[in-house]
1. Filtering region 17-39 down to residues that are outside any helix (DSSP H, G or I) and open to solvent by 100 Å² or more (accessible area, probe 1.4 Å), which residue is nearest to residue 7 (Cα to Cα)?
2. Against the conditions (1) open to solvent by 100 Å² or more (accessible area, probe 1.4 Å); (2) assigned to a loop (DSSP other than H, G, I, E, B); (3) modelled with pLDDT under 80; (4) not acidic (Asp, Glu), where does residue 4 fall short? Just the number, please.
Amino acid sequence: MDAYEDFNRTVQLLGALALYADLPDADEEFVAVTGAAVAASLPRRVLPPLPTDYDPTDGPEYPDCSGEGS
């Protein structure tokens with residue numbers, strides 16, 4: 001398995017774990033421990049680093065899609 005396939009499989013495992021975590025009877029301790037262990041196997045530099053002047057709060061205002069708004 002090459003690095004790309006390994007990365008892809010790891011991301012798929014994290015996605016499956018996220019779906020499992022949403023189940024009513026999911027074992028929260030299993031999700032926490034397994035998620036941390038699987039995420040730790042991801043390479044540290046998947047994306048280029050953010051610029052030093054990057055501000056995550058600077059950008060367009062998006063409508064509230066949570067269903068909790070007015």
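The values are calculated or read from the model by the stated rules, or taken from the named source; none is laboratory data. Please read all numbers here as calculations on a predicted model, not as lab measurements. Heavy atoms of the whole protein, side chains included, go into the accessibility calculation; ligands, DNA and RNA do not. Shrake-Rupley method; radii C 1.70, N 1.55, O 1.52, S 1.80 Å.
1. Here is the first cut: in region 17-39, the ones outside any helix (DSSP H, G or I) are 22-27.
Still in the running and open to solvent by 100 Å² or more (accessible area, probe 1.4 Å): 22, 24-25.
Numbers: 22: 23, 24: 29, 25: 29 Å.
Residue satisfying both the conditions and the ranking: 22.
2. The one condition residue 4 does not meet is (2).
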